[in-house]
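The values are calculated or read from the model by the stated rules, or taken from the named source; none is laboratory data. Nothing here was measured: the structure is a model prediction, and the numbers come from that model. A quick note on method: Cβ atoms are made from the backbone with ideal geometry, for glycine too, and the neighbour counts reach across all protein chains shown. Note: areas computed on protein heavy atoms with side chains; ligands, DNA, RNA excluded. Shrake-Rupley method; radii C 1.70, N 1.55, O 1.52, S 1.80 Å.
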Amino acid sequence: MISNKRYWFFMLLIILVYCTGMFVTLFENDSAQFAVMAMRMVQENDFLNLFKGPNEYLDKPHMHYWLAALSFKVFGLHEWAYRIPGILASLLGAYSCYGLGKLLYTKPIGKLAALIFMTAQTIFLSNIDVRTDAVLTGFTIFAIWKLAEYIETKSLLAICLGAFGAAIAFSTKGQIAILVLGLPLLCHMAYTKQWKVLFNWKVLIALVVFGIFIAPMLYAYYHQFDLHPEKVIRGKDHRSGIFFIFWEQSFERLSGDGIGKNSSDYFFFFHTFLWVFLPWTVIGLLAYWNSAKEFINTKFKRLPGQEFLTLGGITIIFLIISFAQFKLPHYLNVTIPLFAVLTASYLNKIYQTNKHSTIKVLLGVQYFVLAIVFIASSLFCFFVFKNDSIYVWLGLLFVAVTVLYFCLKREAYFYRIISIAAGSAILLNLVLNTHFYPNLLDYQGGSSMAKKVKELNVPVDNIYKVSSNFTWSLDFYNQNPVNITSIKALKNKHDYWVYGSDEDLKQLQTAGIDWDNQVTVNQFRITRLQAKFLNPTTRKKVLRKMHLIHVY
C-alpha cells in the first residue's frame with residue numbers, strides 16, 4: 001500500500017476535482033430535469049407531489065429530490081447546491097468501501113478500495129452529471145457494509161444502521177436498491193453458512209427501522225396516487241403508488257413496459273464496464289477472473305482470507321440487469337463499490353505473493369492508460385476546444401508534473417501502479433471538469449439561452465413554447481418553467497416571447513405570427529457526443545439552432 005501521506009494527497013486532489021465539477025452548468029436531460037423537479041418542490045412548498053413538467057411523476061421515489069430540495073432551501077437555487085447531496089453520498093460510498101474492505105479483508109485493502117472507488121470514471125461522472133445513482137450507490141454500499149458487519153459481529157447498532165442505509169437507498173430508486181444490497185449479502189451468508197443470523201430478534205428491530213425511514217416516501221406516494229384513483233398515469237387509472245414501488249417498478253424496467261425499450265444487447269453492461277471502471281478496468285477484470293477461478297478450483301470450499309460477497313454479488317447483479325430491456329451506463333454504478341473491494345484485494349494479493357511478472361504487466365497497462373489520458377487531454381485542450389484560461393493551465397500543469405514525478409520515481413512497481421492509475425484519473429477529470437464540459441455546455445441551447453434572457457432582461461414568466469419538447473436547463477436557470485401553449489392560443493396575445501426550434505418558427509410563420517426580435521443559440525445533445533461534433537471543422541454540420549423571438 002502507498003504511504004499515508006501520498007494516499008491523502010491523492011484523496012485531497014480527487015475531492016478538489018469533484019468540487020471543480022460542482023460549478024459546471026447542469027446537463028440535460030436527467031440532471032437538469034431532476035433539478036427542476038426539486039426546484040418546483042421548493043418554489044411551491046409542496047414536498048409530497050412529484051411532477052415532470054406538467055405530468056405527474058411515478059417512475060422514481062422521492063429521496064433524491066428531497067435531498068436536492070433541502071440543499072436548495074439551505075443554499076439557494078444553484079447548480080452547485082444541486083450537486084452537494086450526490087457528492088456527499090459518494091464520500092459516504094468511499095468510506096463504506098473502506099469499511100467493507102476492512103471487514104472482509106484488512107485495513108490497507110479497505111483504504112485502497114476507497115481510492116479505487118473514488119477514481120473510477122463513472123463515479124467522477126456521477127458527481128457532475130448527478131442523477132439518482134449517486135445517492136443510491138452511496139447508501140447501498142453503506143447498507144451492505146453495515147449488514148455484513150451485523151452478520152459477522154451480531155451488532156444491534158450495525159443492523160440498525162444497515163436498515164437505515166437500505167431505507168434511504170430504497171426511497172431513492174425503489175426495488176433495485178434491495179436487490180443490489182440483498183444479493184451480495186445472500187452470497188455472503190451462503191458461503192459462510194450463517195443463515196441463523198436471519199432468525200434473531202435484532203432483525204425485527206431492523207425491519208422496524210427500515211419501515212420508519214421509508215414511511216415518508218410511502219406516504220408521499222399514497223397521497224399523490226392512492227388517494228386519487230381517477231388520475232391517469234401512462235394510460236392507466238387507479239394507479240397505486242405503494243403497489244408500484246413495491247412490485248411494478250422493477251418489472252417495468254426489466255420488460256421495458258411503461259418506460260420503453262432502448263437495448264436488447266445482453267453484453268451492453270460488459271462493454272460499458274470497459275470504460276466506467278477506468279483506469280482500473282484491466283485490473284478489475286483480472287481480479288474477477290482470478291477470484292472466480294479460485295472458487296471453482298476449490299469447489300466453493302470456505303478458506304481463510306476468501307469472501308464471496310463481492311464476486312457473487314457482481315455476478316448475479318450483472319446477469320439480472322443484462323436481461324433488462326431498458327439499459328443505461330450508470331446502472332452499473334451500484335456494482336462499482338463491490339468491484340473496488342474485489343480489485344483492492346487482488347492487488348494486495350499479488351503484492352503479498354510477490355508476483356513480479358504480473359505486477360510488471362499491470363504497470364505496463366497503467367502506462368498505456370496514462371498515455372491514452374495524455375492524448376485525450378491534449379486533444380481536448382488543443383483541438384476540440386482550445387484552452388485560453390491561465391488558471392486551467394496552471395492546474396493541469398501541476399497535476400501533469402505530479403503524475404510525471406510518480407512515473408519517474410524509483411520505487412516498487414506496485415506503488416507505481418496505484419499512483420499512476422490515481423494520477424491519470426485525476427488528470428483526465430480535471431481536464432473534463434475545468435475545460436471540456438464548460439466549453440461543451442456552451443452548445444446546450446437551454447442554458448445558453450437562459451444567459452441571453454438574463455442579459456436582455458426578458459420577463460421569465462412571459463416566455464412560451466408551442467412544442468412538447470422539454471426545456472429543463474432553460475427552466476432551471478430562468479428559475480421558472482417555460483409556459484406551454486398552442487399556436488392558436490398565441491394568436492390572441494401580444495407582447496410575449498416564444499422559445500423554439502427552426503420547425504417551431506416555421507409553424508408560427510405559417511400561422512401568420514410575426515416577430516420583431518430574434519435571439520439564436522446553438523443546440524446539440526451534449527450527452528450524445530459524436531466525432532463530427534468533436535471535430536471543429538465539421539461541428540457546424542451537426543449543430544441545430546434554438547431561438548427566442550419577441551412577438552409584438
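Observations on the structure shown:
- Sole exception among (1) surrounded by 14 or more Cβ atoms within 10 Å (Cβ to Cβ); (2) over 22 Å from residue 314 (Cβ atoms) for residue 247, by number: (1)
- Qualifying residue in region 366-381 (condition: farther than 20 Å from residue 1 by Cβ, at pLDDT below 90, open to solvent by 30 Å² or more (accessible area, probe 1.4 Å) and small (Gly, Ala, Ser)): yes
- Residue count for region 460-475 under the criterion of being assigned to a helix (DSSP H, G or I), open to solvent by 30 Å² or more (accessible area, probe 1.4 Å) and among the hydroxyl-bearing types (Ser, Thr, Tyr): the result is 0.
- The residues listed here are 58, 70, 12, 88; of these, the one that is modelled with pLDDT under 95 and either surrounded by 23 or more Cβ atoms within 10 Å (Cβ to Cβ) or of a type in the set (A, V, I, L, M) (or both) is 58.
- Number of the condition not met by residue 391 [criteria: (1) under 17 Å from residue 13 (Cβ atoms); (2) surrounded by 14 or more Cβ atoms within 10 Å (Cβ to Cβ)]: (2)
- Of all residues making up region 380-400, the number that are of a type outside the set (Phe, Trp, Tyr) and without any contact (Cβ under 8 Å) to a residue 24 or more places away in the chain: 5
- Number of positions in region 325-352 that are within 24 Å of residue 528 (Cα to Cα), in a helix (DSSP H, G or I) and open to solvent by 20 Å² or more (accessible area, probe 1.4 Å): 3
- The residues of region 315-342 that are of a type in the set (A, V, I, L, M) and in contact (Cβ under 8 Å) with a residue 60 or more places away in the chain, listed by number, are 316, 317, 320, 324, 328, 332, 334, 336, 338, 340, 341.
- Any hit, region 58-77, residues being assigned to a helix (DSSP H, G or I) and out of contact with any helix residue (DSSP H, G or I) (no Cβ under 8 Å at 6 or more places or on another chain): no
- Being over 29 Å from residue 129 (Cα atoms) and more than 27 Å from the chain's Cα centre (by Cα) holds for only one residue in 452, 360, 386, and it is 360.
- Spans of helices (runs of 4 or more DSSP H) in region 119-232 with at least 2 residues over 30 Å from residue 328 (Cα atoms): 132-153, 156-173, 175-192, 201-221
- Taking region 15-47 as the range and being over 17 Å from residue 71 (Cα atoms), in a loop (DSSP other than H, G, I, E, B) and open to solvent by 50 Å² or more (accessible area, probe 1.4 Å) as the test, only 29 passes.
- Region 175-207: number of residues that are more than 29 Å from the chain's Cα centre (by Cα) and touching a residue at least 24 places away in the same chain (Cβ under 8 Å): 11
Quick grid of which residues meet (1) over 23 Å from residue 186 (Cβ atoms); (2) open to solvent by 30 Å² or more (accessible area, probe 1.4 Å); (3) not in a helix (DSSP H, G or I):
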| position | (1), (2), (3) |
| --- | --- |
| 265 | yes, yes, yes |
| 273 | no, no, no |
| 282 | yes, yes, no |
| 285 | yes, yes, no |
| 292 | no, no, no |
| 295 | no, no, no |
| 299 | no, yes, yes |
| 306 | no, yes, yes |
| 310 | no, no, no |
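- Of residues in region 81-122 being β-branched (Val, Ile, Thr) and more than 23 Å from residue 164 (Cα to Cα), the one farthest from the chain's Cα centre (by Cα): 106
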